[in-house]
Amino acid sequence: MSLIEVNGVSKTFRVSRRSAGIPGMLANLINPKYEKKQAVNDITFSIEEGEMVGFIGPNGAGKSTTIKMLSGILYPDTGSVRVNGYVPYKQRKSYVGSIGVVFGQKSQLQWDLPVIDSFELLKAIYRVPEDVYQENLKRFTDMLDMSGFLNQPVRQLSLGQRMRADIVAALLHSPKIVFFDEPTIGVDVVGKETIRNFLCELNEKDGVTMLFTTHDMQDIEKTCKRLIIIDQGAKVYDGLLSGIRSAYGTTRQLDVEFSADCTVAPIEHVEIREQDAPGGRKKRFLFESKEVPIDALISSLLANYTIRDLTVSEPEIEGLIRKIYSGEVAR
Ligand SMILES: Nc1ncnc2c1ncn2[C@@H]1O[C@H](COP(=O)(O)OP(=O)(O)OP(=O)(O)O)[C@@H](O)[C@H]1O
Ligand SMILES: [Mg+2]
């Protein structure tokens with residue numbers, strides 16, 4: 001059995017459908033109408049102990065809803081969730097000790113209290129032994145460079161500082177599974193790097209299992225080997241990050257700088273784009289790797305022209321993800 005098992009899970013919300021104007025207001029009061037919004041639609045996946053999995057999808061895809069079901073805040077309408085042997089929403093009290101949750105959009109800290117007081121409070125709530133608490137506190141706050149603002153009330157913190165405090169808050173009780181829902185939102189480049197390195201170390205050294213939601217593909221590329229993509233509540237990809245290229249990125253690009261201005265004769269299945277003036281020195285060749293073997297293309301160019309420089313580029317993961325979101329590539 002895997003550490004995290006999500007099986008055929010769906011979740012529908014009931015949202016009120018409001019009619020406009022004064023008659024509408026009356027109608028809303030007397031006979032409120034509801035419509036259903038399917039947030040998660042038959043999702044299945046499992047995560048093994050020690051994995052660090054990126055969980056991405058466009059706005060409204062159902063990521064936060066899934067994380068809420070995993071952490072026991074929401075219950076699924078159908079299907080089953082099992083994490084660390086628990087059914088999260090049924091056994092919440094005993095379950096929460098083994099998990100940590102960070103919602104980047106919403107702080108879990110006490111707004112008016114100094115950060116350190118919120119931490120003390122969590123220590124009491126989770127009954128964290130003093131020595132474990134002290135060790136975690138020191139280690140995590142050092143790693144995230146937080147000593148400067150531990151005594152400041154949360155409301156005075158910058159977004160990046162608050163985020164770091166929220167991350168530590170979720171980890172003080174040494175959970176073995178942590179769900180991160182956008183832990184880098186609004187954080188600057190340096191701050192993001194600090195958070196990414198911190199998460200990697202936690203995963204590698206402490207073996208903490210993580211699910212990581214973000215809209216920043218760099219976050220995923222720098223931290224996760226595996227990626228789950230959802231869209232409109234349904235899973236559209238589950239596999240290695242590197243597998244995205246072989247699954248969706250079959251277009252290759254070869255940029256060539258010839259020694260002199262020239263015209264290249266048409267080549268079957270290859271689109272030739274002039275990069276400077278038509279008949280100039282720089283050209284881009286676009287083709288499908290299935291149709292045109294790259295070595296054959298390069299050797300035929302080398303045999304017929306004098307070439308100064310040549311670069312082959314693979315499609316960018318970020319661009320491919322954009323295509324998956326926009327439905328440009330078949331799922
Ligand atoms: N409590 C709720 N009541 C009604 N509808 C909801 C509720 N929570 C979420 N939804 C709807 O469910 C869908 C999925 O929302 P969810 O917050 O899970 O998306 P998300 O993938 O986290 O998006 P984002 O990237 O914008 O955070 C959305 O259409 C949203 O409007
Ligand atoms: Mg969300």
| remark: Pairs returned, first residue in the range 274-293 that is of a type in the set (Val, Ile, Thr), second residue that is assigned to a loop (DSSP other than H, G, I, E, B), beta-carbon separation under 7 angstrom, 6 or more apart or interchain, are Val292/His269
| said: When the residues of the range 200-224 are narrowed to those that are surrounded by 19 or more Cβ atoms within 10 Å (Cβ to Cβ) and within 16 Å of ligand 1 (Cβ to nearest atom), which ends up farthest from Gly100 (Cα to Cα)? | reply: Met217
| task | Just give me the residues in the range 209-247 being in a loop (DSSP other than H, G, I, E, B), of a type outside the set (Asp, Glu) and free of Cβ contacts under 8 Å to residues at least 60 places away in the same chain, in sequence order. | result | Ser242
| request: Being out of contact with any Phe, Trp or Tyr (no Cβ under 9 Å at 6 or more places or on another chain), farther than 19 Å from Ile99 by Cβ and away from ligand 2 (no atom under 16 Å from the Cβ) narrows it down to one of Gly186, Gly191, so name that one. | output: Gly191
| task | Any residue in the range 17-41 that's free of Cβ contacts under 8 Å to residues at least 12 places away in the same chain: show its pairings with residues that are of a type in the set (S, T, N, Q) and within 16 Å of ligand 2 (Cβ to nearest atom) at Cβ separation under 7 Å, as long as the two are six or more apart or on different chains. | result | none
| Does Leu171 satisfy the criteria of being in contact with a Gly (Cβ under 6 Å, 6 or more places away or on another chain) and either within 16 Å of ligand 2 (Cβ to nearest atom) or assigned by TED's automatic domain parsing to the domain that holds Glu51 (or both)? | yes
| query | Checking Lys205 against (1) modelled with pLDDT under 95; (2) more than 22 Å from Gly8 (Cα to Cα), which single condition isn't satisfied? | reply | (1)
| Scanning for something over 30 Å from the mean Cα position of the chain (by Cα) and surrounded by 10 or more Cβ atoms within 10 Å (Cβ to Cβ), does the range 317-331 turn up at least one residue? | no
| note | Just one listed residue, out of Asn59, Asn28, is among the polar types (S, T, N, Q), within 12 Å of ligand 1 (Cβ to nearest atom) and at negative phi, and it is Asn59
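Residues are listed down the side, and each one gets a yes or a no for (1) at positive phi; (2) assigned by TED's automatic domain parsing to the domain that holds Arg164; (3) part of a loop (DSSP other than H, G, I, E, B); (4) within 16 Å of ligand 2 (Cβ to nearest atom):
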residue	(1), (2), (3), (4)
Ser80	no, yes, no, no
Pro88	no, yes, yes, no
Gln105	no, yes, yes, yes
Gln110	no, yes, yes, no
| The one condition in (1) more than 16 Å from ligand 2 (Cβ to nearest atom); (2) outside any helix (DSSP H, G or I); (3) exposed (fewer than 14 other Cβ atoms within 10 Å of the Cβ) that Lys93 fails to fulfil | (2)
| Could you say whether any residue in the range 184-199 is buried (at least 18 other Cβ atoms within 10 Å of the Cβ), in the same structural domain as Pro88 (by TED's automatic domain parsing), hydrophobic (A, V, I, L, M, F, W, C) and in contact (Cβ under 8 Å) with a residue 60 or more places away in the chain? | yes
| Search result, residues across the range 117-170 that are touching a residue at least 24 places away in the same chain (Cβ under 8 Å), more than 20 Å from Gln105 (Cβ to Cβ) and polar (S, T, N, Q) | Asn136, Thr141, Asn151, Gln152
| task | Within the range 225-251, track down each residue that is surrounded by fewer than 19 Cβ atoms within 10 Å (Cβ to Cβ) and within 18 Å of Pro293 (Cα to Cα). | result | Arg245, Ser246, Ala247, Gly249, Thr250, Thr251
| task | Please name all residue pairs, on different chains or six or more residues apart, with Cβ atoms under 7 Å, provided the first residue is in the range 59-84 and is farther than 14 Å from Phe45 by Cα and the second residue is part of a loop (DSSP other than H, G, I, E, B) and among the polar types (S, T, N, Q). | result | Ala61/Gln232
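The values are calculated or read from the model by the stated rules, or taken from the named source; none is laboratory data. What you see is a predicted model; the values in this text were computed from it and never measured. Neighbour counts are summed over all protein chains in view; Cβ atoms, including those assigned to glycine, are modelled from backbone coordinates with ideal geometry.
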